[in-house]
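Okay, structure first, notes after.
The values are calculated or read from the model by the stated rules, or taken from the named source; none is laboratory data. Here the structure is a predicted model, which means the values were calculated and not measured. Glycine gets a Cβ as well: all are built from the backbone with ideal geometry, and neighbour counts include every protein chain shown.
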Amino acid sequence: MVPRTPRTLPRMLSQDHPLVAPQPGLAPQDGDAASKQAQASLRSARSSSPSSRGSRLWSALTASVASILGATVLASSLLVQPAQARRFDAEPAVRTDAVVGLSSLPAQAQDVYRRILSGGPFRYDKDGTVFGNRERILPREPRGFYREYTVPTPGERDRGARRIVCGGKDTRQPETCFYTQDHYQSFRPIDPRR
């Protein structure tokens, strides 16, 4: 069967199309009411402009697509808005009440801290690499100020979530260090004297 698209509809309504053309031996009788009604329907279908029917269909289709696209754009803009509203230029506050003493950290973190002060060796290749502070939770400093170190987690087969991030010009004498146990979601300043 020929699909009914605006392009094929005019051809289907022409007298030459096999679905519309009268078949030999099947010609309706003049007195038959059903055949008269069928002939009237066929004449009205031929007389109404196929291009106007197609354009009305096309208009309805494009209006539906436009409304769906509009709703999608609106929904996505509502989802993006909170992220854009967040200010990245504000200096994040480091809570002094959240300071953790070095002696309170897990034994693995204390060992990593000692290795930082002695310059290594470190267990992972990523240890000592620049920490970008993309989360912008730590105080803002120039790129290269912070370095990250992995704190091994017993039972983990990979690096795990625990890290120490230290900042300063000399990696062996950091100005400040922070401990995170949730992979950079939160940081606590480390007090090496406690």
Worksheet item: Any idea which residue in the range 168-194 is nearest to the chain's Cα centre (by Cα), counting only those that are surrounded by fewer than 20 Cβ atoms within 10 Å (Cβ to Cβ) and outside any loop (DSSP other than H, G, I, E, B)?
Response: Arg188
Discussion item. When you check Arg140 against the structure, is it closer than 16 Å to Pro189 by Cβ, modelled with pLDDT of 95 or more, surrounded by 11 or more Cβ atoms within 10 Å (Cβ to Cβ) and not acidic (Asp, Glu), yes or no?
Written reply: no
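Could you please find all residues in the range 120-130 being surrounded by 11 or more Cβ atoms within 10 Å (Cβ to Cβ) and either in contact (Cβ under 8 Å) with a residue 60 or more places away in the chain or not β-branched (Val, Ile, Thr) (or both)?
So the first thing to find is which residues in the range 120-130 are surrounded by 11 or more Cβ atoms within 10 Å (Cβ to Cβ), and the list is 120, 122-124, 126-130.
The answer is Gly120, Phe122, Arg123, Tyr124, Lys126, Asp127, Gly128.
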Item to complete: Quick one: which residue in Gly167, Gly160, Gly120, Gly155 is at pLDDT 95 or above and not basic (Lys, Arg)?
Response: Gly167
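Residue by residue, here is whether (1) closer than 21 Å to Phe122 by Cα; (2) without any contact (Cβ under 8 Å) to a residue 40 or more places away in the chain; (3) not basic (Lys, Arg) holds:
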position	(1), (2), (3)
Gly132	yes, yes, yes
Arg136	no, no, no
Pro139	no, no, yes
Arg159	yes, yes, no
Arg163	yes, yes, no
Lys169	yes, yes, no
His183	yes, yes, yes
Ile190	yes, no, yes
Item to complete: Quickly run through the range 118-158 and pick out the residues that are on the phi > 0 side of the Ramachandran plot and touching a helix residue (DSSP H, G or I) at 6+ places or on another chain (Cβ under 9 Å).
Response: Gly128
